[in-house]
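Let me begin by presenting the structure, written as structure tokens, before commenting on it.
Read-outs: derived from the displayed coordinates by stated rules, not from any lab. Predicted model, so just to flag it, every value in this text is computed and none were measured. Because the Cβ atoms are built from the backbone with ideal geometry, glycine has one as well, and the counts that use them run over all protein chains shown.
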Amino acid sequence: MPQTTDDDTKLRSRLRTKLAAAAMPLVDFVLPPACAFCKRDLENDDEAVDGIRLCERCRKNFTSDQRSACLKCGMSVGPYVDTKNGCLECSRRHFRFTQVIRLGVYEDNLRTACIRGKSRGAEPLAAALASFLWKRQQDRLQEFSPDVVISVPQYWLHWFTRPHHQAQTMAEVLAERLTIPCDERAVRKVRRTVDQSSLPRSKRLKNLEHAFRTRRGIPLKNKRVLLVDDILTTGTTSNEVTRVLLRAGASSVAVAVIAVVP
Ligand SMILES: [Zn+2]
Ligand SMILES: [Zn+2]
């Protein structure tokens, strides 16, 4: 398959995202704005005055885990635990990214939202989740001070079966909020891999061997990269993409996700 097909498919997907966003004011004119997850009317919702299409109840559900998160891996930890150098879960693992910035934990409604956000036409939900992540974690995202936002890429064949790439929609929203570029061409997935969630932890790294490559000609030297994915399970995928970014000269990589799997 020639490379242009890969790029054309991505371009079409990006255009769809832009068109969906552009059509929203028109939709609002005809129908009152609704929660992107539960479809509840947002017209009298006090929380939704910030323009994020999530109702008060969904926002509470998505962030119901009140425990603090490990600064390094994003997993929930007990009170007063110092996680500057990681928690029990991650202190023995060699993560190349410096931190994980998350919205919540992959359970209940947030788990459903992550799954639904991958489906066809779910750009508004993915965008709302990214905006809510921004609202909750703006300080950490700005403090990291990234130069560019990059999403964990999917293999090009998946653009046919999964035309909406949730992580890319999220990356575009976060880049807009941070007023920095989003470069979806910087990293590509060059071969198909087995779904990581179906593999034991010991086989996940082997599964991703040589799966990601940075694209030549994309300047990454000394760049601080915000790497975006929808879900973080063991961190193996983000760690592998971080490895290729650092090898291409990036100075530091932080990971932003909707949810971490407990
Ligand atoms: Zn809702
Ligand atoms: Zn940790």
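Taken one residue at a time, the phi angles of segment 57-67 give Karplus couplings (6.51, -1.76, 1.60, θ = phi - 60°) of 5, 5, 4, 5, 4, 5, 10, 6, 6, 8, 5 Hz. Gly and Pro are set to x. How large is log10 of I(q)/I(0) for segment 151-232 at q = 0.19, 0.21, 0.25 Å⁻¹ when the intensity is taken from the Debye formula with one equal scatterer per alpha-carbon? Each listed q maps to, in turn, -0.97, -1.14, -1.37. Ignoring lysines fewer than eight residues from LYS203 along the same chain, the ones with Cα atoms less than 27 angstrom from its Cα are LYS72, LYS118, LYS189.
Backbone phi angles across segment 176-193, fed through the Karplus curve with coefficients 6.51, -1.76 and 1.60 (θ = phi - 60°), yield HN-Hα couplings of 5, 5, 7, 6, 10, x, 10, 10, 7, 9, 4, 10, 10, 9, 9, 8, 6, 10 Hz in residue order; Gly and Pro are listed as x. Taking amide H as placed 1.01 Å from N in the peptide plane, the amide H of ILE101 sits under 5 Å from that of VAL255, ALA256, VAL257, each at least 5 places away or on another chain. Using the alpha carbons alone, the radius of gyration of segment 184-254 stands to its Kirkwood radius in an Rg to Rh ratio of 0.97.
Do the sum for the chain: with -39,500 (n - 2.57) for every DSSP H run of n ≥ 4, divided by all residues, what is the mean residue ellipticity at 222 nm, to the nearest 500 deg cm²/dmol? List each step's numbers first, then the result.
On the way: 8 runs with 102 residues, N = 262.
The per-residue figure over the chain is -12500 deg cm²/dmol.
So if I place +1 on the C-beta of Lys and Arg and -1 on the C-beta of Asp and Glu, and nothing else carries charge, what would the dipole magnitude of the chain be about its Cα centre? I want it in debye, nearest 20. Walk me through the numbers on the way to the answer.
Details: 44 positive and 29 negative charges, 277 e Å.
The calculation lands at about 1340 debye.
Simple rule: put +1 on each Lys or Arg Cβ and -1 on each Asp or Glu Cβ in the chain, find the dipole, and look at GLN138, VAL261, THR214; the Cα lying farthest toward the positive end is THR214.
The Cβ shell under 11 Å around LEU103 holds other residues with a net charge of +2, Lys and Arg each +1, Asp and Glu each -1. The value given for segment 96-226 is a Kirkwood hydrodynamic radius of 16.1 Å, derived from the mean inverse Cα-Cα separation.
At a 10 Å Cβ-Cβ cut-off, how would you order LYS72, LYS206, fewest neighbours first? Please list the in-between numbers first.
Details: LYS72 21, LYS206 11.
The fewest-first ordering by Cβ neighbours comes to LYS206, LYS72.
Highest mobility in the GNM of the chain, judged by mean-square fluctuation with C-alpha springs under 10 Å and restricted to SER68, SER131, SER151, is found for SER68.
Would you kindly calculate the translational diffusion coefficient of the chain, applying Stokes-Einstein with the Kirkwood radius from alpha carbon pairs, for 10 °C and a viscosity of 1.306 mPa s, and quote it in µm² s⁻¹ without decimals? Don't skip to the answer; put the middle values down first.
On the way: Rh = 18.9 Å.
Translational diffusion coefficient: 84 µm²/s.
Please check: in the Gaussian network model of the chain (C-alpha springs, under 10 Å), which one of VAL49, VAL152, VAL225 has the largest mean-square fluctuation. Of VAL49, VAL152, VAL225, the most mobile in the Gaussian network model is VAL49.
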